[in-house]
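Worksheet: the structure to be examined is printed underneath.
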Amino acid sequence: DAGVTQSPTHLIKTRGQHVTLRCSPISGHKSVSWYQQVLGQGPQFIFQYYEKEERGRGNFPDRFSARQFPNYSSELNVNALLLGDSALYLCASSLFSIAITDTQYFGPGTRLTVL
Amino acid sequence: DAKTTQPPSMDCAEGRAANLPCNHSTISGNEYVYWYRQIHSQGPQYIIHGLKNNETNEMASLIITEDRKSSTLILPHATLRDTAVYYCIVRVGNNFNKFYFGSGTKLNVKP
């Protein structure tokens, strides 16, 4: 079975540009979460989507947005890129949104470099 | 939201058991403890989770104290491939799937 897939693997952008990152969850999973991991730190929660609705948001500016499509894949958009947005962006999928024992499975991530 | 405290790094000899501690003294009664690991900035890999009973799977064992304020992840026979950053996480309920990762423990398995 295919795991969580993310594209692209690597991306280089310049300040002020925007970027779109994509994620396909494990088949049958309806929830997708996005995390940002800056070098040397643990992943930080950005968004969670379940059944195409935003169910949670972390402490990130409005430049960050996301959406989930009818096939449960998801896009993360970041506008007006800053140098500090350089990070590994991780997508995680899970079956349910509200189950306390719902386990998240992570993709390999997209490495974004902002110059 | 319960937070976790882990030592920044630990060493373990290859073939020996690795015991990774985690403190989560503010955990609530219905919050689960999850463990993930991350190798060379790949995506975090799920290891195990538990509520209050000890748990074991093919990768590891999880020991949770009776008061649930701390837990220990045990890798019974560490190999060089187990070198990674290990994260202890308390899952926040409240209708969404937010994980607070913290800084984790860098486990160095040495030959």
For chain B: relative contact order, % (alpha-carbon pairs under 8 angstrom, 6 or more apart): 36
Across the Cα atoms of segment B:1-70, what radius of gyration and what greatest pairwise Cα-Cα distance (Dmax) are found, in Å? 12.9, 36
Unit charges on C-beta of K, R, D, E only; dipole of the protein assembly as shown, Debye: 460
Counted charge near A:Phe96, where neighbours are those whose Cβ lies closer than 11 Å (Asp, Glu -1; Lys, Arg +1): 0
Under the rule a/c < 1.5 gives rounded, and otherwise a/b versus b/c splits prolate from oblate, where does the protein assembly as shown land using the Cα gyration tensor? prolate
Lys and Arg at +1, Asp and Glu at -1: add these up for the other residues within a Cβ distance under 15 Å of A:Thr9 and post the number. +3
With +1 at each Lys and Arg Cβ and -1 at each Asp and Glu Cβ, the charge dipole magnitude of chain B around its Cα centre, to the nearest 20 debye, comes out at 200
Determine the shielding of peptide A:105-113 by partner chains: average, over its residues, the number of Cβ atoms on other chains within 10 angstrom of each Cβ. 3
Taking max minus min of the Cα coordinates of chain A on each principal axis, largest first, gives extents in Å of 39, 28, 28
When the charge dipole of the protein assembly as shown is computed with +1 on Lys and Arg Cβ and -1 on Asp and Glu Cβ about the Cα centre, the Cα farthest towards its positive end, among A:Ala92, B:Asn53, B:Asn19, belongs to A:Ala92
What FRET efficiency comes out for the pair B:His77/A:Thr20, r = Cβ-Cβ distance, R0 = 45 Å, nearest 0.05? 0.55
Cut-off 11 Å (backbone N to label point 7 Å along Cα→Cβ of A:Thr101), residues of segment B:54-92: none
Any of A:Lys30/B:Lys110; A:Lys13/B:Lys69; A:Lys52/B:Lys69; B:Lys52/B:Lys106; B:Lys69/B:Lys106 with alpha carbons more than 32 Å apart? Name them for me. A:Lys30/B:Lys110; A:Lys13/B:Lys69; A:Lys52/B:Lys69
Counting Lys +1, Arg +1, Asp -1, Glu -1, what net charge surrounds A:Leu112 among other residues with beta carbon under 15 Å of its beta carbon? +3
Which residues qualify? For B:Asn108, with a placed amide H closer than 5 Å and at least 5 residues away or on another chain, they are B:Met10, B:Asp11, B:Cys12
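Readers should treat all values here as calculations from the given coordinates under stated rules, not as data from a laboratory. Keep in mind that this is a model prediction, so the values were computed, not measured. Cβ: placed from backbone, ideal geometry, glycine included. Neighbour counts: every protein chain shown.
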